[in-house]
Amino acid sequence: MHRSTALGGALTALATAAAGVLVAAAVGTAPAAAATGGTGTGYLHTNGSKIVDSTGATVRLTGINWFGMETDNKTFHGLWSNNPWRGQLDTMARLGYNTLRIPYSNDALKPGATASGINDFVNPDLVGLSPLQILDKVIAYAGSKGMRVILDRHRPTAAGQSPLWYTSTVSEATWINDWKMLAQRYANNPTVIGADLHNEPHAEGTNPAATGACWGCGDTARDWRLAAERAGNAILGVQPNWLIFVEGVSCPSGGLSNVWDNDPSNDEDCGWWGGNLSKAGQFPVRLNVANRLVYSPHEYATSVYEQNWFKAPDYPANLPAIWDKYWGYLYKQNIAPIMMGEFGSTLADPRDKVWLENLMAYTGTGVNGMSFTYWSWNPNSGDTGGIALDDWTNVNTAKQAILQPYLIAPVGGGTDPTPTGSPTGTPTGTPTGTPTSTPPPTSTPPPTSTPPPAGGCTATYKQVNSWAGGFQGELTVKNGGSSAVNPWSVTWNWPAGVTLVSGWNATVTQSGTAVTAAAPAWSASLAAGASVTVGFTANGSASVPGTVKLNGVAC
């Protein structure tokens, strides 16, 4: 859950749960293989203002936030929807988001923590799992698609954010020990690249009696820069390969300016919660392992808070200088990389579209641009909305069109199919007039000239789950031939009345009673002796696929 304010600003919190969702608890999976391609090879480190991979190649993280693990649900929101969790990650990767920033609270890490808000009809594989075990599965699947993961300590408890990294009930020791536990848990999994230490440190109290997070003030109880060093070095002692993402504060003094006291010495220039890194050049974060520090500001639009610069007569020409002052100078002066951890808007105000277009242009195009993770995938973000629409399946094409030119898709995820069974055309609630260059890809069967497997095929069906009015299944097809089939296509028939809802590991479509699972671009070839498993959910009576064929040859 997210909340971001500026000086004196107060915002409503996000909605935390959906009515009528089913409750489930939480079991881990093996670590994913090292990511390659769009997010580089092996672990990442820094080189001046760039993030680079183990070979020295520049990597740009162009990601998205999927929140929920920091709320009372203690796991990802949207698991209550009709779109399976893998289907949601499929869409993120297909759209070009190569990194997933995952907020959590320390509550979700406690022994006995229970995940809730899970539709166990759609996500039966999550039933009985703990929040950490669900996190394991999401990380493993994201890694299989070439995505990277950043873990974000968003809140000490599910109750809300805190100005400091500790509270009366969650100590600094707990904060650091939980980070060390996570670093150890994923120590051999290069899908997980680092730690966003604490979300949106910010001012509290009125100067000179400040009680909030400061930067460079030297007070060990309030100086966020010093706390980030303590936590960052503790993490690197366990996992020296991780990147350490450090957000800014809101007011460097840690207190809200009192503009009514007629004392200008108490007034300072404040920005977004977590967004003010203006003192980081003078007081840098010092880590014991070189080339691990990434600064991670937050930046928002009028839908979050009406900052003075949005009302300036020279808007939006004034924006680059503001960004330079708060955090951009760190990148431009080659001090450290920037990974903008949160930014977003409902786009309800025309100024916000201008803001987003200018912000993305400011980050630069191509692999050498600044990294970012957009807020958010979730449509239930109260002050920004999401990339996903309320069905957690279709996409807000107005937002996506602005972000698309800056996205570098993960290898293995850039052409993943849109979840099937979704309405076609412009989704309800999507602004009109959006570019036609970013609609979901159509499902195109493989060319008819593809040779069938000479040795035939075998098919095995497994019913994973069933419920009143629907079921989930997995169809595994093995190429029994002596040569690869490229691209492959599996077809089958269902009885009348059975209709496809969603599919994964292929582009699954239905016409009448005939179903086609076409090979995705990242796995087009099915080698001799190899198998592919197509998963799906469907409405109607549970039915075994009939007349299964691989490229036209019956199994």
- Task: Under 7 Å between Cβ atoms, at least 6 apart or on separate chains: pull out the pairs that start in segment 321-350 with a residue that is farther than 18 Å from F310 by Cβ and end on any residue that is part of a helix (DSSP H, G or I) and of a type in the set (A, V, I, L, M, F, W, C).
- Result: A336/L330; I338/W327; I338/L330
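Answer with yes or no whether D416 is at pLDDT 85 or above, of a type outside the set (V, I, T) and under 21 Å from the mean Cα position of the chain (by Cα).
On the way: at pLDDT 85 or above: no; of a type outside the set (V, I, T): yes; under 21 Å from the mean Cα position of the chain (by Cα): yes.
So D416 does not fit the description; no.
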- Identify, please: which residue in segment 61-89 is β-branched (V, I, T) and outside any loop (DSSP other than H, G, I, E, B) and is, among those, nearest to the chain's Cα centre (by Cα)? I64
- Message: Residue pairs, Cβ under 7 Å, 6 or more apart or interchain, first in segment 296-317 and hydrophobic (A, V, I, L, M, F, W, C), second at pLDDT 95 or above and assigned to a loop (DSSP other than H, G, I, E, B). List them.
- Response: A301/S345; V304/T384; W309/Y315; W309/N318; A312/N318
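Just checking, which of D107, D125, D90 is surrounded by fewer than 22 Cβ atoms within 10 Å (Cβ to Cβ) and under 25 Å from G503 (Cβ atoms)? Before you say what the answer is, go through the steps one by one.
Values: D107 fails: under 25 Å from G503 (Cβ atoms); D90 fails: surrounded by fewer than 22 Cβ atoms within 10 Å (Cβ to Cβ).
When all the criteria are applied, what remains is D125.
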- Within the set of pairs 6+ apart or on separate chains, which have a first residue in segment 528-551 that is over 22 Å from D120 (Cβ atoms) and open to solvent by 40 Å² or more (accessible area, probe 1.4 Å), a second that is part of a loop (DSSP other than H, G, I, E, B) and among the polar types (S, T, N, Q), and C-beta atoms under 7 Å apart? A528/S482; A528/S483
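Which one is surrounded by the most Cβ atoms within 10 Å (Cβ to Cβ), of the residues in segment 362-416 that are hydroxyl-bearing (S, T, Y) and under 18 Å from M69 (Cα atoms)?
Initially, segment 362-416 is screened for residues hydroxyl-bearing (S, T, Y), giving 362-363, 365, 371, 373-374, 376, 381, 384, 393, 397, 406, 415.
With the extra rule that they be under 18 Å from M69 (Cα atoms), the set shrinks to 373-374, 376, 381.
Values: T373: 28, Y374: 26, S376: 25, S381: 24.
Among those residues, the one meeting the criterion is T373.
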- Message: If I ask for residues that are over 18 Å from N539 (Cα atoms) and surrounded by fewer than 19 Cβ atoms within 10 Å (Cβ to Cβ), which ones from segment 460-486 would you list?
- Response: T460, T476, G480, S482, S483, A484, N486
- Item | Output for segment 327-354, where each listed residue is of a type in the set (S, T, Y) and open to solvent by 10 Å² or more (accessible area, probe 1.4 Å) | Y329, Y331, T346
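Taking into account only those residues within segment 28-52 that are modelled with pLDDT of 95 or more and of a type outside the set (S, T, N, Q), which is nearest to N188 (Cα to Cα)?
In the first step, residues of segment 28-52 are kept if they are modelled with pLDDT of 95 or more; the result is 43-52.
Going one step further and asking which of them are of a type outside the set (S, T, N, Q), we end up with 43-45, 48, 50-52.
Values: Y43: 10, L44: 13, H45: 16, G48: 26, K50: 24, I51: 20, V52: 19 Å.
Only one residue fits best here, namely Y43.
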- Note on the structure: Taking segment 147-165 and keeping only residues that are part of a strand (DSSP E or B), in contact with a helix residue (DSSP H, G or I) (Cβ under 8 Å, 6 or more places away or on another chain) and within 22 Å of L293 (Cβ to Cβ), one is left with R148, V149, L151, R153
- Message: So if I check each of I118, I102, which one is closer than 19 Å to L151 by Cα, among the aliphatic types (A, V, I, L, M), open to solvent by less than 10 Å² (accessible area, probe 1.4 Å) and outside any helix (DSSP H, G or I)?
- Response: I102
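V138: of a type outside the set (G, A, S), within 30 Å of N505 (Cβ to Cβ) and within 16 Å of the chain's Cα centre (by Cα), yes or no? Before you say what the answer is, go through the steps one by one.
On the way: of a type outside the set (G, A, S): yes; within 30 Å of N505 (Cβ to Cβ): yes; within 16 Å of the chain's Cα centre (by Cα): yes.
It is true that V138 is of a type outside the set (G, A, S), within 30 Å of N505 (Cβ to Cβ) and within 16 Å of the chain's Cα centre (by Cα).
Could you please find all residues in segment 192-226 being hydrophobic (A, V, I, L, M, F, W, C), in a loop (DSSP other than H, G, I, E, B) and open to solvent by less than 50 Å² (accessible area, probe 1.4 Å)?
Initial filter on segment 192-226 (hydrophobic (A, V, I, L, M, F, W, C)): 192-193, 195, 197, 203, 209-210, 213-215, 217, 221, 224, 226.
Checking which are in a loop (DSSP other than H, G, I, E, B) leaves us with 197, 203, 209-210, 213, 215, 217, 221.
Passing the criteria: L197, A203, A210, A213, W215, A221.
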- Message: I'm told Q184 meets every condition in (1) open to solvent by 10 Å² or more (accessible area, probe 1.4 Å); (2) in a loop (DSSP other than H, G, I, E, B); (3) closer than 30 Å to T39 by Cα except one. Can you identify the failing condition by its number?
- Response: (2)
- Within segment 121-133, residues within 24 Å of I176 (Cβ to Cβ), assigned to a helix (DSSP H, G or I) and out of contact with any Lys or Arg (no Cβ under 7 Å at 6 or more places or on another chain) come out as L132, Q133
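The values are calculated or read from the model by the stated rules, or taken from the named source; none is laboratory data. Since we're looking at a predicted model, the values are computed, not measured. Ideal geometry is used to build each Cβ from the backbone, glycine not excepted, and the neighbour counts take in all protein chains shown. The area values use the complete protein model at the heavy-atom level, side chains included, leaving out ligands, DNA and RNA. Shrake-Rupley method; radii C 1.70, N 1.55, O 1.52, S 1.80 Å.
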